[in-house]
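What follows is a short report on a single structure.
Here, each number is a calculation from the coordinates, and none is a lab measurement. As the structure is a computational prediction, the values presented were derived from the model and not from experiment. Because the Cβ atoms are built from the backbone with ideal geometry, glycine has one as well, and the counts that use them run over all protein chains shown.
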Amino acid sequence: MTQFAVLTGHLTRRSRPGMIAGTLADELRATGADVVEIAVGELPHSALMAGNHDHPDVRRTQRALAEADAVAVVLPRYDPHGSTPLRTWLAMLPPRALDGKPVLPIGLGTLRSHSVGLANALPTPDPLSPTYLYDTWFTAPDWTPTPRAESLLHRAATTLRTATHPALAAA
């Protein structure tokens, strides 16, 4: 069974990035895939800021990433390079931890120009083309995705699945 990791740097699962991560994870699970959601923002910041590779939560999340066949990274609108916890966690990864894995950046923002930096924000030599979502494609207060956002997240899930199973692209 294919395993996907969905990373976010958000501080709460009720945020827009949290909703994006959850919706994408649900799309992947609907195809029978195994998905692990890694909410880096929920890890102890003291462990991240100290670069504590031995902290059990840091080790657990890094193992989950190592076991994943493909990765999606949700990057917030206020920083196309990821939140401080996410950037710190990514910097703590072993060298070449993402090499050989399809990595899909997913950006959320108010400006389309943010998408330019998405792929460069990740420590991978060849990321997939980013998926970009506008803030207005989510309804407040619970940040429910609109049909446009759902369609793009469905396409993002298909992109990840196809990257791990090239035969799906030919079908």
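Under the classification rounded if a/c is under 1.5, otherwise prolate if a/b is larger than b/c and oblate if not, where does the stretch 1-94 fall, given a ≥ b ≥ c as square roots of the Cα gyration tensor eigenvalues? Note, shape of the stretch 1-94 comes out oblate.
Approximating the spin labels as points 7 Å out from Cα along Cα→Cβ, the R14-to-H53 distance works out to 3.7 nm.
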